[in-house]
Each structure stands twice: as C-alpha cells, then as structure tokens.
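The structure under discussion appears below in the form of structure tokens.
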Amino acid sequence: MIGQTRAELLKIRSTRTTLGLALGMVAIILLFIVLSGLLSDVTSLGGAENEREYFGIGSFAGLFSALAGIMLVTGEYRFGTIRPTLLFTPRRSTVLAAKIIASFFAGLVLAVIGEVLAVGVGGAILHGRDVAVNLHGRDWALLTLGTVAGTALWGAIGVGLGMIVRNQVGAIIGILAWVFVIENLLFGLAPSVGRYVPGQAQNGLMGFNTAHLLAPAASAAVLLAWTAVLCVSGAALAARRDVS
C-alpha cells in the first residue's frame with residue numbers, strides 16, 4: 001500500500017498535466033481576484049459576507065483538484081498504463097485507495113496555493129482601495145478550513161468519478177457541467193435539495209451565510225458522504241470491469 005501510494009504521488013506530481021492544472025488554477029484565481037477587486041464598487045466589497053465571498057474565490061481550487069483526480073485515473077485508461085499498474089498491484093482496491101490518497105494530498109497543495117493567492121492578493125487590493133477587512137478569527141478559520149478540506153475532498157471525488165466513467169473527456173465534461181450548471185440550477189430552483197450538492201456543501205463549510213445553506217458541521221458531513229459514495233461506487237465498478 002505504501003509503495004503504491006508513493007507511485008501515485010510520483011505520477012501526480014511529475015506529469016505536465018498536473019503542472020498545467022496548477023498554472024490554470026493560478027491564472028483563474030488571479031483573474032477573478034483582480035477583476036473583482038478593482039472593478040467592483042467599494043461598497044460591494046465591504047462587509048463580512050462580501051469579503052467572505054471575495055476571499056472565497058480561492059475555493060476554485062476544488063474544481064482543479066477534482067480534475068487532477070479524474071485525470072489520475074482516466075489518463076491511465078486512456079494511455080494503457082493501467083495494465084502495468086494492475087499487474088504490479090492486482091488488488092484494485094489498493095490502487096484506488098492509493099490514488100485517493102495521492103489526489104487528497106494534491107488537493108491540499110492546490111488549496112494552500114489558491115488560499116494564499118486569494119487572501120494575499122485580495123487583501124492587498126482591499127488595502128489599496130481603503131476597504132477595511134471585517135472578517136475575524138472564526139470567519140478566517142471556517143474560510144480556510146472550508147477551502148483546504150473541501151479542495152482535498154474534491155480530489156478524492158475526482159478519483160471516484162474517474163473510476164465510474166473512465167472516459168477522460170466524458171468525465172471532464174461531466175464534472176464541469178455538474179459544477180457550473182446542475183449545482184446552480186438545483187440550488188436556485190430547489191434550495192432544500194441543492195444545498196446537499198458538494199459545491200454548496202463546501203460553501204456551507206466555509207461559513208457562507210447564504211440562505212438555505214447547511215451549517216459547517218452538517219456541510220462537512222455531506223462532503224464526506226459524497227466522497228465516500230463516489231469512491232465506493234468507483235471501487236465496486238472497477239472490481240467488476242475488465243481492462244482491455
């Protein structure tokens with residue numbers, strides 16, 4: 001198990017795809033932070049809730065963590081490297097567990113980068129525009145915990161989804177459609193249901209006060225449940241499928 005985990009960590013940190021995802025994440029977060037900070041009216045940047053949403057832009061790292069998890073699995077099926085992986089470690093549950101651990105740690109790294117960018121650059125912009133920061137200890141703790149823990153779990157969710165779908169293009173399109181379309185529609189049209197989707201659960205974990213969101217503790221439970229369901233489903237399907 002330890003050897004397989006080391007191998008998966010080596011894969012995820014040595015491929016150009018991971019570097020590309022990290023650079024893309026940095027560019028997206030900086031773009032949103034700079035544009036929101038410089039083009040928004042000062043009054044729309046002040047206040048605890050507005051600032052929580054502004055600094056919460058760092059949680060975009062969750063999407064890129066999920067993409068990294070998906071590609072860690074689907075890339076092996078796409079290029080055929082899953083065959084030597086399974087020959088070396090025949091127990092597919094061990095391979096899946098190692099990929100989940102590797103994606104979890106990759107998500108932690110992406111989360112730290114995203115949060116540092118959001119708070120550092122965003123804080124500098126607010127200071128330059130003479131906007132006082134109204135977030136306090138508990139607010140920062142929830143924002144940081146929600147970003148870091150949520151992003152790490154998104155990496156594991158990506159692995160589970162990749163095991164279920166296996167087709168790289170289909171899995172990527174699926175996660176993008178889910179995050180940007182389905183989750184927003186569910187929360188907008190049926191908030192009592194939509195608050196249980198992973199994205200809104202992460203917002204609740206980050207301490208957002210948007211109506212209908214779950215409390216941080218309940219949001220953490222929902223995120224863990226989604227992660228467990230997708231990973232267990234992926235493991236069950238992987239055990240029943242042949243590798244061509």
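A 1.4 Å probe, protein heavy atoms only, puts the accessible area of His127 near 140 Å². In the full protein context, the range 101-178 carries 41 Å² of accessible surface per residue, based on a 1.4 Å probe and ignoring ligands, DNA and RNA. When the Cα gyration tensor is reduced to axis lengths a ≥ b ≥ c, the ratio a/c is 1.5 or higher for the chain, and with a/b above b/c it is classed as prolate.
Taking the protein heavy atoms of the range 100-244 in the context of the full set of protein chains, the accessible area attributed to carbon and sulfur is 71 percent at 1.4 Å.
For the range 163-239, the alpha carbon convex hull comes to 84 Å³ per residue, rounded to a whole number. Take each complete run of DSSP H in the chain, measure how far its Cα atoms stretch along the helix's own axis, and keep only those covering 27 Å or more with mean Kyte-Doolittle hydropathy at least 0.0; list them. The answer, listed by residue number, is 16-39, 92-128, 137-165, 216-240. For the range 1-76, the solvent-accessible area with a 1.4 angstrom probe is 45 square angstrom per residue. Taking all protein chains as shown and a probe of 1.4 angstrom, Leu189 keeps an accessible surface of around 150 Å².
In the complete set of protein chains, residue-level accessible area for Ser44 is approximately 60 Å², probe 1.4 angstrom.
The values are calculated or read from the model by the stated rules, or taken from the named source; none is laboratory data. Not measured: the values here are computed from a predicted model. Only protein heavy atoms, including side chains, enter the accessible area calculation; ligands, DNA and RNA are left aside. Shrake-Rupley method; radii C 1.70, N 1.55, O 1.52, S 1.80 Å.
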